[in-house]
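The values are calculated or read from the model by the stated rules, or taken from the named source; none is laboratory data. Computed from a prediction, not measured in an experiment: that's the story for all the values here. Here the Cβ positions follow ideal geometry from the backbone for every residue, glycine too, while neighbour counts run over all protein chains shown. Please note that ligands, DNA and RNA were not included when accessible areas were found on the heavy atoms of the full protein model with its side chains. Shrake-Rupley method; radii C 1.70, N 1.55, O 1.52, S 1.80 Å.
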Amino acid sequence: MSWKWGKQLLLFGYQEAMSCVFPACIFLSLALLKIAPLPGMPAYDWMLVICIAVQIVMVRAGLETIDELKVICVFHLIGLALELYKVHMGSWDYPQPGWTKIGGVPLYSGFMYASVASYLCQAWRRLHIRLERWPSSVWTVSLGAAIYLNFMTHHFIPDLRWLLAALLFVLFFRTALYFKVGDSVYRMPLTLGFALVGFFIWIAENIGTWLGAWRYPHQQDGWSMVSWSKFSSWFLLVIVSFIIVAQLKHVKENLRCEG
């Protein structure tokens with residue numbers, strides 16, 4: 001029995017690692033550019049070139065489908081819009097120089113959001129994810145839009161993240177996520193999945209700020225750990241990302257059935 005669980009854990013770890021190829025490439029590139037800067041261009045511009053090159057290689061190598069690339073492009077635009085707004089409001093900044101910076105935001109930054117979408121799409125396909133009792137699109141899309149807008153409106157009106165988190169648990173209380181590892185199928189409460197992904201993104205955020213990818217106001221005089229309160233932001237962002245991916249999967253499935 002222990003051997004079976006060990007084998008399943010290794011297989012699950014492999015599938016998760018393969019799902020993280022794009023975000024892993026981003027963090028590896030950030031680390032290498034910090035240790036050994038490349039000549040000719042600022043690091044932020046090299047990061048843009050690297051992210052585009054990795055996407056091309058992944059599609060050509062069959063690690064990513066064209067449909068998944070389309071989802072990643074959507075997330076890049078959504079993430080870039082949020083970055084432009086948050087940097088303008090002083091939530092964080094990008095201290096290094098760059099030729100491909102708009103409004104103080106390097107264009108590669110959208111790929112950091114897109115890497116979350118890449119992971120979700122890859123994991124969905126590799127682990128054969130299916131959802132049980134997924135709520136109506138009216139509620140999921142409305143909640144996702146409210147969470148995204150709250151990232152912007154909390155600068156002017158009270159922060160509603162805890163109210164939105166409470167609504168999240170009410171909405172997805174009965175929703176379960178099923179994933180397949182080998183020949184075995186496992187069940188997980190969807191909200192637990194959100195929390196786990198959000199936690200690992202928070203860890204990645206600490207690594208990213210340490211590598212100089214961006215900087216929070218409290219890190220102006222030197223690196224320090226990202227506040228634990230940021231976990232709630234990533235938790236909610238994962239929900240928005242998952243809702244978008246799930247809705248696109250739902251739309252694609254409906255089109256396939258109609259065809």
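Observations on the structure shown:
- Estimated [θ] at 222 nm from DSSP helical runs (n ≥ 4, -39500 (n - 2.57)) normalised by residues in the chain, nearest 500: -22500 deg cm²/dmol
- Residue ranges 168-181, 86-99, 17-30 sort as 17-30, 168-181, 86-99 when ordered by packing (mean number of other C-beta atoms within 10 Å per residue, highest first).
- Area accessible to solvent at residue 59, 1.4 Å probe radius, in Å²: 40
- Each of residue 133 and residue 57 was given a label point 7 Å from its Cα along the Cα-to-Cβ line. The distance between the two points is 4.4 nm.
- If you sort 108, 148 by accessible surface, 1.4 Å probe, largest first, the order is 148, 108.
- Counting lysine pairs in the chain that sit 8 or more residues apart in sequence, or on different chains, and whose Cα atoms lie under 18 Å apart gives 7.
- Accessible surface of the chain [probe 1.4 Å, protein heavy atoms]: carbon and sulfur percent: 72
- Applying the Kirkwood pairwise sum to the alpha-carbon positions of the range 135-259 produces a hydrodynamic radius of 16.5 angstrom.
- Shape call, the range 88-176: gyration tensor on alpha carbons, a/c limit 1.5: oblate
- Approximate spin-label separation residue 24-residue 169, in nm, with each point projected 7 Å along Cα-to-Cβ: 3.5
- Relative to one another, the C-alpha centroids of the range 16-67 and the range 163-211 are positioned 25 Å apart.
- Percent of alpha-carbon pairs separated by more than 27 Å within the chain: 40
- Solvent exposure, largest accessible area first (probe 1.4 Å, DNA, RNA and ligands not counted), of 233, 142: 142, 233
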